[in-house]
Amino acid sequence: MLDADLLIRYNYDSFVPEKFEPWMRFDESPPLGQPAPDFSLTRLDGTTTRLSEIWSAHLYTIVEFGSFT
Amino acid sequence: MNALAERVAAQGVGSIFLYTNEAHPGENYPHHTSMEQKLRHAQALRDVLKVTRPILIDALDGACHRAYGSMPNMTWIFNRSGFPIYKSDWTDTRSVANAIDYFLDVVERRRNQERLAPFRVERLDYRIQDQEAFYRGLARNGPKAVEEFRQAFG
């Protein structure tokens, strides 16, 4: 069940401090050396996979998060 | 990052680009309102930015992105057990290359019977600041993205 308020806040429509600053939470991110949280992800063809499927298939996995900018 | 991915692929290193929310929504690539739109944006990103790594798309509510700190352009490295072993709040290819080369050397050292134990390290790395290239990226998203960034940071 998607939270409508969360969807609006996360997918902010304008790059203004009151909308983007609350999401700058790197200091609260998972620690190194401990099991990382796993999530479902979608491929470009619309099929789904999991982050754990990716990392378990390689010796190491580099994950770059990003968008157009 | 594409070139780095290609360089280390043969050594067992996987690389993905995980598409998140639009950090600077504009007229051309506005904020996401549906998963279908997010999928279309990710497909466009592959073609426009020429990303050769596999692209995976986060949920519309950014569940994965938010859990990892929701910075706009982070890089994380995971080992096969799912433990993060490197994280940076911004992506810099030299920093990532430096880290992955170190970890690949750890594998080699273990093959050579060195007994190694992990420890934590913090480091401040440096990235190139290319304002012109950044503004070109904003302009690609649309005039709204440019104007909002100027208003936020000058």
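Counting only residues that are surrounded by 10 or more Cβ atoms within 10 Å (Cβ to Cβ) and more than 7 Å from chain B (Cβ to nearest Cβ), segment A:1-19 holds 3 of them.
Scan segment A:21-62 residue by residue and report those that are farther than 22 Å from residue B:37 by Cα and either in contact with a Leu (Cβ under 6 Å, 6 or more places away or on another chain) or among the polar types (S, T, N, Q) (or both). Answer for segment A:21-62, where residues must be farther than 22 Å from residue B:37 by Cα and either in contact with a Leu (Cβ under 6 Å, 6 or more places away or on another chain) or among the polar types (S, T, N, Q) (or both): A:29, A:34, A:38, A:52, A:56, A:61. Within segment B:5-24, restricting attention to residues that are out of contact with any Leu (no Cβ under 8 Å at 6 or more places or on another chain) and over 30 Å from residue A:11 (Cα atoms), the residue that is nearest to the other protein chains (Cβ to nearest Cβ) is B:9.
Of all residue pairs spaced 6 or more apart or on separate chains, none has beta-carbon atoms under 6 Å together with a first member in segment B:37-59 that is facing another protein chain (nearest Cβ under 8 Å) and a second member that is surrounded by fewer than 22 Cβ atoms within 10 Å (Cβ to Cβ) and among the aromatic types (Phe, Trp, Tyr). Within the option set B:39, B:4, being more than 18 Å from residue A:51 (Cα to Cα), surrounded by fewer than 22 Cβ atoms within 10 Å (Cβ to Cβ) and either modelled with pLDDT of 95 or more or in contact with a Pro (Cβ under 6 Å, 6 or more places away or on another chain) (or both) holds for one residue only, B:4. Residue B:94 - would you say it is more than 7 Å from chain A (Cβ to nearest Cβ), surrounded by fewer than 16 Cβ atoms within 10 Å (Cβ to Cβ) and either within 21 Å of residue B:139 (Cα to Cα) or of a type in the set (Asp, Glu) (or both)? So residue B:94 does not fit the description; no.
For segment A:31-41, the tally of residues that are at the interface with chain B (Cβ under 7 Å from one of its Cβ atoms) and more than 12 Å from the chain's Cα centre (by Cα) stands at 5.
Pairs are defined by a Cβ separation below 9 Å, a sequence spacing of at least 6 or placement on different chains, a first member in segment B:128-154 that is more than 7 Å from chain A (Cβ to nearest Cβ), and a second member that is polar (S, T, N, Q); the pairs so defined are B:134/A:69; B:142/B:28; B:144/A:14.
Here the strands (runs of 3 or more DSSP E) wholly within chain A that include at least 1 residues being of a type in the set (Gly, Ala, Ser) are A:40-43, A:60-66. For residue B:68, which of the numbered conditions (1) of a type in the set (Ser, Thr, Tyr); (2) out of contact with any helix residue (DSSP H, G or I) (no Cβ under 7 Å at 6 or more places or on another chain); (3) more than 7 Å from chain A (Cβ to nearest Cβ) fails to hold? Answer for residue B:68: the failing condition is (3).
The lone criterion from (1) crowded, with 20+ Cβ neighbours inside 10 Å; (2) more than 7 Å from chain A (Cβ to nearest Cβ); (3) over 12 Å from the mean Cα position of the chain (by Cα); (4) of a type outside the set (S, T, N, Q) left unmet by residue B:62 is number (2).
The values are calculated or read from the model by the stated rules, or taken from the named source; none is laboratory data. Just so it is clear, the structure is predicted and the values come from calculations on it, not from any experiment. Please note: Cβ atoms are built from the backbone with ideal geometry, for glycine as well, and neighbour counts cover all protein chains shown.
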